Structure formats: C-alpha cells, structure tokens
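Q: There's a structure below that I have some questions on.
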Amino acid sequence: MFDGKQAQVVDDLEIRDPGPGEVLVAIAAAGLCHSDLSVLDGTIPFPPPVVLGHEGAGVVEAVGSGVTHVVPGDHVSLSTLANCGACADCDRGRPTMCRKAIGMPGQPFSRGGKPLFQFASNSAFAERTIVKAVQAVKIPQDIPLTSAALIGCGVLTGVGAVLNRARVDRGESVVVIGTGGIGLNVLQGARIAGATTIVAVDANPAKEAVARQFGATHFIDASAVPDSSAAVREILPTGADHAFECVGNVKLIRQAIDLLDRHGQAILLGVPGFKEEASFMVSSMYLDKTIMGCRYGSSRPQRDIAMYAELYGRGKLLLDELVTQVYPIEDFAKAADDAHQGRVARGVLTF
C-alpha cells in the first residue's frame, strides 16, 4: 500500500465480499508498470492511502450475483477498464471513452478499520482484489499467470495502439521511440500487423536484442548518434507512416511528429507530467498528418484479451519473453528500483 509518502508491504489488509456484478480474484502475479511508479513520485496524482497495481492475473475465488461468464476456479487476466457497458461510448464499442470508468476510485479494502482506495479499478498488488465482471477475462489455464498478468496493461496498451488506434497496415513503416514494456508491445503489434520497416529508438543499447526479438527491423542507439532523427531519416528518407512515443517526454513527442511522412500519424503513449505542454510546427500538419492520443490501446478488453491469449497459444504473440525478472511481493522495493533504473522490460511480482 502507498500512504502518500512511502510504499510498504503489509499483511493486514481486509477486503469485502463481492457485490452484484463483481468478481473476487486471488492474484497470482502482477506486473510492475511505470504507471504504478508514477503514483509514487507524484506524476500521476491519486488519493492515498491506496493499494497499487493494475496489471494482474489470477484465479476467480468468488462471484457476485449476476456474474455468469466466469466461475470460481477460472483463470483470468484483469483489465483496468471498469466501463459501465450502457453509455453511448460503450454502445459504440469505445469502452475506453466511458466516463464512468475514470476518476471514481472505490474503496473495497480496509486496514485497521480505515478504508483504502483501489488503483485503476484493479489494485493487483494484493493477494485478493475485487473487480467488475467486465474486467475479468477468462484465459486458458495453460498460460503461465506470470505471463498472463502482462496482457492487462502492457499488451493491451501497446499492441492495441497499433491494431485499434493507428490501424497499422501491411507494408507500412513504424518508428517506436522507447522500448520499455509498452514500446516492446508496440513493436510486436507492428510485426503482427505486417509492417515491413519497424525502427526502434532507445538510449540504452542493451535493449537492441530484445527490441529485434519483438519485431524491430532496425535499432538506433540514441546515446551513440548525434541526432537520432537524422539516423531514422537514413532508414526512412521521406519519414514514417506511424511514429509511437512511448516514453512520455515532450521533446520526444516533438521528434515523433517531425519524423512523419505525408499522411503520417504520431501516436502518444508515454505519459508526461499532467501540466506539461508540447509544441510542433503547425504548417507541417497540412500534409494530412495526425497527432493521436491513445487511452489503453483503444481496447475492448473482453474481445482483445481473448484474442491475445489465442495469438500467444499460436506463437504469434510474445508474453514469456516480456518477463525479465520475477520477484516475491516482499521484494517490492527492489523491483521498483530495477524498473526505475531501466534494468527490466517488465518485472513481475508474485504472491
């Protein structure tokens, strides 16, 4: 739990029973995402005390009334999208735009009689959590839960941004700036979509091997060249069809925009500070270029998680390879430091 000053591992949390339309899940594994770290450093404002974690998988322990698509014993991957299912956006198949899914954290946990908030409608850094039925997606039991945990954020966001938001097509070119957990999933999304030139840009040369494993056809070490944009232009002289910014740096957002070819799209996935501003040359946009925000890969989790699980089973989607290191929850501080220092693509906590 995070009390607003420090994160600590505690063993005396209590959780209520699932209500109507809710599922109680025993968490087996949870990925440590930079969004969790962003709560700790204040980049993402969130009311404390809060149980963090939002990228998890586990086993259904109990269901509330009205829940029929999962039963106790089912393995599930959890999404953070607690959409209502009934508003105009949900009805249009745009659950990530559901206004009832954002900004209203519940308090299913308590400690010493005092309530704790739930992060991202999920709180996967707990032995048990409660989610809305729509957030629990049944997956085959042969998928390791340490791998399945990563579907619910990194894969949905990265692969979804490619397939759902940008709609990358066969033969197109893609630039991915930043090859952390999200960037790697953008790379494999571009590979799955059939992009033929996929350029990864990162300041850490140690990431080249894994970037190529996930789909990069080219890798640019931004720390070893005077101008990484010029290096990209050597590969794509007229620019890229799609450029994904996966770091959350306003200078890199500008770089993504400047690297676009005519009719190109810049897709923003990294999260800068909430009050930061980015600039671009307005005149350059009149060549049918687009700057796109993207929330949660524009995903439809019940459909997408099942599809990604099937692609994993066919060997098309990499999950096991995303897991750099597994930590017991008691080693949260080490896992957080490794993630902050960029030592891991994804660290996974187990319970």
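The values are calculated or read from the model by the stated rules, or taken from the named source; none is laboratory data. All of these numbers come straight from a predicted model, not from anything done at the bench. Please note: Cβ atoms are built from the backbone with ideal geometry, for glycine as well, and neighbour counts cover all protein chains shown. Accessible surface areas use protein heavy atoms only, side chains included; no ligands, DNA or RNA. Shrake-Rupley method; radii C 1.70, N 1.55, O 1.52, S 1.80 Å.
Q: Tell me whether the stretch 18-39 contains one or more residues that are in contact with a helix residue (DSSP H, G or I) (Cβ under 7 Å, 6 or more places away or on another chain), among the charged types (D, E, K, R) and under 16 Å from TYR296 (Cβ atoms).
A: No, the stretch 18-39 contains no residue that is in contact with a helix residue (DSSP H, G or I) (Cβ under 7 Å, 6 or more places away or on another chain), among the charged types (D, E, K, R) and under 16 Å from TYR296 (Cβ atoms).
Q: What are the pairs with Cβ atoms under 7 angstrom where one residue, in the stretch 339-350, is under 13 Å from VAL210 (Cα atoms) and open to solvent by less than 30 Å² (accessible area, probe 1.4 Å) and the other, located anywhere, is of a type outside the set (A, V, I, L, M, F, W, C) and part of a helix (DSSP H, G or I)? Sequence gap at least six, or different chains.
A: If the second residue must be of a type outside the set (A, V, I, L, M, F, W, C) and part of a helix (DSSP H, G or I), the pairs left are VAL344/ASP338; ALA345/GLY181; ARG346/GLY154; ARG346/GLY181.
Q: If you don't mind, there's one more thing I want to ask. Report yes if LEU78 is closer than 15 Å to TYR296 by Cα and not aromatic (Phe, Trp, Tyr), otherwise no.
A: It is true that LEU78 is closer than 15 Å to TYR296 by Cα and not aromatic (Phe, Trp, Tyr).
Q: Let me ask something else about it. Which of the residues spanning the stretch 36-53 are of a type in the set (Ser, Thr, Tyr) and either more than 15 Å from ALA336 (Cβ to Cβ) or crowded, with 20+ Cβ neighbours inside 10 Å (or both)? Explain how you work it out, then say what you get.
A: So the first thing to find is which residues in the stretch 36-53 are of a type in the set (Ser, Thr, Tyr), and the list is 38, 43.
If the condition is that a residue be of a type in the set (Ser, Thr, Tyr) and either more than 15 Å from ALA336 (Cβ to Cβ) or crowded, with 20+ Cβ neighbours inside 10 Å (or both), then no residue fits.
Q: Pull up the stretch 258-267, narrow it to residues that are in a strand (DSSP E or B) and in contact with a helix residue (DSSP H, G or I) (Cβ under 6 Å, 6 or more places away or on another chain), then point me to the one that is most open to solvent (accessible area, probe 1.4 Å). Steps first, please.
A: Taking the stretch 258-267 and keeping what is in a strand (DSSP E or B), we get 260-267.
Within this subset, residues satisfying the condition of being in contact with a helix residue (DSSP H, G or I) (Cβ under 6 Å, 6 or more places away or on another chain) are 265-267.
Values: GLN265: 34, ALA266: 0, ILE267: 0 Å².
Here the answer is GLN265.
Q: Restricting attention to the stretch 18-35, report how many residues are in contact with a strand residue (DSSP E or B) (Cβ under 9 Å, 6 or more places away or on another chain) and either part of a strand (DSSP E or B) or within 15 Å of ALA149 (Cα to Cα) (or both).
A: Number of matching residues: 11.
Q: Against the condition open to solvent by 70 Å² or more (accessible area, probe 1.4 Å), assigned to a loop (DSSP other than H, G, I, E, B) and of a type outside the set (Gly, Ala, Ser), how does VAL10 come out, does it pass?
A: For VAL10, the condition - open to solvent by 70 Å² or more (accessible area, probe 1.4 Å), assigned to a loop (DSSP other than H, G, I, E, B) and of a type outside the set (Gly, Ala, Ser) - is not met.
Q: Hey, among GLY31, GLY56, which residue is in contact with an Asp or Glu (Cβ under 9 Å, 6 or more places away or on another chain) and surrounded by 17 or more Cβ atoms within 10 Å (Cβ to Cβ)?
A: Values: GLY56 fails: in contact with an Asp or Glu (Cβ under 9 Å, 6 or more places away or on another chain).
On inspection, the qualifying residue turns out to be GLY31.
Q: Still on this structure: Within the stretch 301-325, work out how many residues are in contact with a Leu (Cβ under 9 Å, 6 or more places away or on another chain) and surrounded by 16 or more Cβ atoms within 10 Å (Cβ to Cβ).
A: 12
This table checks each residue for (1) touching a His at 6+ places or on another chain (Cβ under 7 Å); (2) among the aliphatic types (A, V, I, L, M); (3) crowded, with 23+ Cβ neighbours inside 10 Å.
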position: SER77; (1), (2), (3): no, no, yes
position: ASN83; (1), (2), (3): no, no, yes
position: ASP89; (1), (2), (3): no, no, no
position: ARG94; (1), (2), (3): no, no, no
position: ILE102; (1), (2), (3): no, yes, no
position: PRO105; (1), (2), (3): no, no, no
position: PHE109; (1), (2), (3): no, no, yes
position: LYS114; (1), (2), (3): no, no, no
position: ALA120; (1), (2), (3): yes, yes, yes
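Q: Report, by residue number, each residue of the stretch 269-300 that is open to solvent by 80 Å² or more (accessible area, probe 1.4 Å), over 18 Å from ALA256 (Cβ atoms) and under 14 Å from the mean Cα position of the chain (by Cα).
A: Within the stretch 269-300, ARG300 is the sole residue that qualifies.
Q: Could you list, in sequence order, the residues of the stretch 222-252 that are in a loop (DSSP other than H, G, I, E, B), under 22 Å from PRO205 (Cβ atoms) and either open to solvent by 30 Å² or more (accessible area, probe 1.4 Å) or not small (Gly, Ala, Ser) (or both)? Even if it seems obvious, please write down each step before you answer.
A: Kept after step one, since they are in a loop (DSSP other than H, G, I, E, B), are these residues of the stretch 222-252: 222-227, 236-239, 246-249.
Filter once more, so that each one left must be under 22 Å from PRO205 (Cβ atoms): 222-227, 236, 246-249.
Hits for the stretch 222-252 are ALA222, SER223, ALA224, VAL225, PRO226, ASP227, LEU236, CYS246, VAL247, ASN249.
Q: Does ASP202 satisfy being among the charged types (D, E, K, R), within 24 Å of GLY297 (Cβ to Cβ) and surrounded by fewer than 22 Cβ atoms within 10 Å (Cβ to Cβ)?
A: no
Q: Would you mind listing the helices (runs of 4 or more DSSP H) fully within the stretch 126-204 where at least 2 residues are under 14 Å from the mean Cα position of the chain (by Cα) and over 20 Å from VAL271 (Cβ atoms)?
A: Of the helices (runs of 4 or more DSSP H) lying wholly inside the stretch 126-204, those with at least 2 residues that are under 14 Å from the mean Cα position of the chain (by Cα) and over 20 Å from VAL271 (Cβ atoms) span 145-148.
Q: Here are GLN341, GLN255, GLN265: which of them is at pLDDT below 95, under 27 Å from ASN204 (Cα atoms) and among the polar types (S, T, N, Q)?
A: Of GLN341, GLN255, GLN265, the one residue that is at pLDDT below 95, under 27 Å from ASN204 (Cα atoms) and among the polar types (S, T, N, Q) is GLN341.
Q: Among the residues that make up the stretch 94-112, is at least one of them in a loop (DSSP other than H, G, I, E, B) and over 28 Å from MET1 (Cβ atoms)?
A: yes
Q: When the residues of the stretch 268-307 are filtered to those that are polar (S, T, N, Q) and in contact with a Lys or Arg (Cβ under 7 Å, 6 or more places away or on another chain), which remaining residue is modelled with the highest pLDDT? Talk me through it step by step, then tell me what you get.
A: Filtering the stretch 268-307 down to residues polar (S, T, N, Q) leaves 279, 283-284, 290, 298-299, 302.
Narrowing the set further to residues that are in contact with a Lys or Arg (Cβ under 7 Å, 6 or more places away or on another chain) leaves 279, 298.
Details: SER279: 94, SER298: 97.
The selected residue is SER298.
Q: When only residues in the stretch 13-27 that are touching a Lys or Arg at 6+ places or on another chain (Cβ under 8 Å) and among the acidic types (Asp, Glu) count, which is surrounded by the most Cβ atoms within 10 Å (Cβ to Cβ)?
A: GLU22
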